[in-house]
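A.B. asks: If you scroll down you'll find the structure; I have some questions about it.
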Ligand code: GCU
């Protein structure tokens, strides 16, 4: 199965904004989460089959403080750390395995600290990309 890319700037954004002032993103930009607990990006993910799947979030965190998020797949939440990447222009992949339904799924990435989330470039369903390589 080929990987499918969902750009964060095209997803549903609550308490955040699509921006493009730090280079290295794929698509037309990334989401800058508001620096507040509860800010989120929600992706509508279509899966051809039910079963295990790899989700890869590409992000940048130019601070030295972790920006943890709750990753909710159809409402079932996993906590993920998004530590500093060294610069806002340095993007890294962070993957998790989950279980998807056939057809429509929601994947919501919600900031769990007052710093908000990292800058979020995209979600890839399927094989993770080579780190840092725009698709
Ligand atoms: C800076 C940076 C933003 C980032 C923000 C943050 O303002 O330019 O892209 O989102 O810090 O701390 O969240």
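Please treat every number below as a calculation from the coordinates, not as lab data. Source: prediction; values computed, not measured. Note: ideal-geometry Cβ built from the backbone for every residue, glycine included; neighbour counts use all protein chains shown.
A.B. asks: Under 8 Å for C-alpha pairs, at least 6 residues apart: give me the relative contact order for the chain, rounded to a whole percent.
C.D. replies: Answer for the chain is 37 percent.
A.B. asks: Mind giving me the nanometre distance, one decimal, between the label points for residue 21 and residue 101, set 7 Å out from Cα along Cα→Cβ?
C.D. replies: Label at residue 21, label at residue 101, 3.9 nm between them.
A.B. asks: Could you give the distance between the Cα centres of the stretch 90-122 and the stretch 1-29, to the whole Å?
C.D. replies: Comparing the Cα centres of the stretch 90-122 and the stretch 1-29, I get a distance of 11 Å.
A.B. asks: Okay, next question. So which residue, out of 119, 74, 21, gets the largest mean-square fluctuation from a GNM of the chain using Cα contacts under 10 Å as springs?
C.D. replies: The residue with the greatest mean-square fluctuation here is 21.
A.B. asks: Can you give me the distance in nm between label points at residue 65 and residue 50, each placed 7 Å from the Cα along the Cα-to-Cβ direction?
C.D. replies: 4.3
A.B. asks: Quick one: among 111, 60, 18, which has the greatest mean-square fluctuation in a GNM of the chain with alpha-carbon springs under 10 angstrom?
C.D. replies: Looking only at 111, 60, 18, the largest GNM fluctuation is found for 18.
A.B. asks: Please compute the volume of the convex hull spanned by the alpha-carbon atoms of the stretch 4-125 and report it per residue in Å³.
C.D. replies: Each residue corresponds to 82 Å³ of Cα convex hull volume.
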